[in-house]
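Here the structure is laid out as structure tokens; the discussion comes afterwards.
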Amino acid sequence: MKSVLDHIKDRVLPSEFIGKYVSLKKKGHEHQGVCPFHQEKTPSFTVNDDKGFFHCFGCHVHGGVIDFLMKIENLDFKEAIKKLGKMYGIDTRFTEENVKQNTEITQIESVLETAKNWFLKDFENNTNAKNYLSNRKLSLNIAKKFEIGSTPKNYSDLLPYLRKVGFSDDIIVKAGLAWKSDNGKVVDSFIDRVMIPIYNLKGKVVAFGGRTLDIHNKNIAKYKNSHESPVFKKRETVYNLHRVKQQRLNKVIIAEGYMDVIAFSKIGIDYAVAPLGTALTPEQMQLIWKFDKEPIFCFDGDSAGINGMYKAFIGSVAKFLTPENGIKFIILPDNKDPDDLINSDPKKMEDLLANPMEMADFIWLYHFERSELPKTIENLTKIDNEIHKTIKEIGDSARREHFKAYLKQKLRAENFKLTRITSKWHSNKEIIPNVSVSTPQIVDKDQRWLAHAIYLLNKYHEELAHIDIDFGSLNDKHGLLEIEDVEILKEPPYKILIPSSINSENVIKYFNYYYKSYLLDLLNDNLQQHFHKGGFEDPKKTSLIQSEIVSCRRELELLKSELFI
């Protein structure tokens, strides 16, 4: 349900209302006029309908239509609300608690906007702040775009100024601009810092982030954000999302912090956002998905950054995935952060953004490629378990099953790389040809089929990674499974012939042809042995073997026709 203030904001256009008291002329997105609150000849009073406030650059008075009416007619908050309600036909009935709460919120929003303008004024003459931005290759135009300000080295005149223009210490503290010491003294929250305003989705300043300029003092926090207030909830606020909303590009990059967001602007990317001093929350992720169904994570490229992306994925993305919502990732090279890469190789950053990593591949990278465990069968089992735990966190069942199959296949491919044909596991070293292996003088037909199948499995291990055969259970009479260099299989006595027509697309059919041929020979041998041992007395088993032979022959005939053998 909308509050009285919401109805006033919806119904009352600031320029139209204030224009009843001040002669205004439209200039760009704003209206200008002579300030009614102090004497001046050159107009310095502006009204901005998009942001819903007025501001005087001469006397620094600032606020919305309620503040203007209170000041121009010397009314209290409740009186101003009632008058506006009467003028615009708005029901203004509310409780005393509503009055108190709405008055407080309005005053906090007003003091934050006033402080922002004070910080901007300080920046004009703050050499340290300008040098800091210059060292980070941030131009004054970018500083203006993000309304970056500053605070002086020592305790400033901000608090006396805010008191002078009518804000109480209680409002200043609640807004996060100051804090109260044990002895009751009100102290500036931000000293010697670059000041970055944080906006809500409506474009109102709700907090500030400050980056220290005292780089040599290790006892001072590098970054400091306003504490939470009636208008600022960290879990529900995303830096720069209000600009993303205005642009309507359906693109979002999720960075680690606001300095990364500002850095992206150097290459013309104004759709980066960031959480505020905490890990990404589910509430923030839900907000981001409103503006891009598949945003891109881009944290620092070091271990801490990659770990941060994984934690954000598990904590705020995986459980909430739907068929419509997703996420992608960028892994920055050489442990660089976004600012480093943008400065050194902006084309590389653009290429990475054009080809982000899919979720399943990021899970693989996180658990397998970055694993410090030696690649052994025992450790692959551990990695498989970790991958399984991650997949279980995914809320979208279709994605969960797809990822499970995809990552299972990748694990099987790695399994094959690490396996000698005996299914014994070894470390991932280059196989040394062993041409001196002892081979028999006569090779049975079934063993030649097996040799063909083994050769293909080795040469096309990725394409055949899904093949799940226990080689240890095969009938290997001549030590085929002990051969490490399968090129030997082309030599006497095997002399296997691999058709030149085999490629990555038809290799599965060729493998099945060789393997089924091997099985058919084994089945025929089994049938003969069965009869030799008096199988006529067991017609049921005889029928079963014969049925398997018929089925195998049918499959082979089909494969022959498809492969033109």
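Derivation of every value follows stated rules applied to the coordinates shown; laboratory data play no part. Just so it is clear, the model here is predicted, and its values are computed rather than measured. For neighbour counting, all protein chains shown are included, and Cβ atoms are generated from backbone atoms with ideal geometry for every residue, glycine included.
Only DSSP H runs of four or more residues enter the estimate; each adds -39500 (n - 2.57), and after division by the residues of the chain the mean residue ellipticity at 222 nm equals -13500 deg cm²/dmol.
Working note: Karplus 6.51/-1.76/1.60 with θ = phi - 60° gives the stretch 366-373 the couplings 5, 8, 9, 5, 8, 5, 8, 6 Hz, where Gly and Pro are set to x. Cβ-Cβ distance of D525 and E562, R₀ of 30 Å, FRET efficiency by 1/(1 + (r/R0)^6): the value works out to about 0.65.
Note on E228 and N307: their simple-model spin labels are 2.6 nm apart, each label 7 Å out from Cα toward Cβ. With R₀ set to 22 Å, the beta-carbon distance separating N343 from T278 gives a calculated FRET efficiency near 0.25. Full extension of the chain segment joining S501 with I314 gains 62.8 nm, where the gain is 0.36 nm per residue of separation less the Cα-Cα distance. A crude spin-label estimate for the pair H216 and E491, with each label 7 Å from Cα along the Cβ direction, gives 7.2 nm. One chain, two ends: F37 and Q286. Fully extended at 0.36 nm per residue, the span grows by 85.3 nm beyond their Cα-Cα distance. Dividing the radius of gyration of the alpha carbons in the stretch 212-307 by their Kirkwood radius gives 0.98 for Rg/Rh. Our estimate of slack between Y406 and E79, defined as 0.36 nm per intervening residue step minus the Cα-Cα distance, is 111.1 nm.
Cα-based values for the chain, radius of gyration first and Dmax second, are 35.9, 120 Å. Based on the Cβ-Cβ distance from T381 to N128, what FRET efficiency comes out when R0 is 60 Å, to the nearest 0.05? According to the calculation, E is roughly 0.60. Computed from Cα atoms, the angle from the helix 377-392 axis to the main principal axis of the chain rounds to 40 degrees.
Relative to the dominant Cα principal axis of the chain, helix 77-88 is inclined by about 80°.
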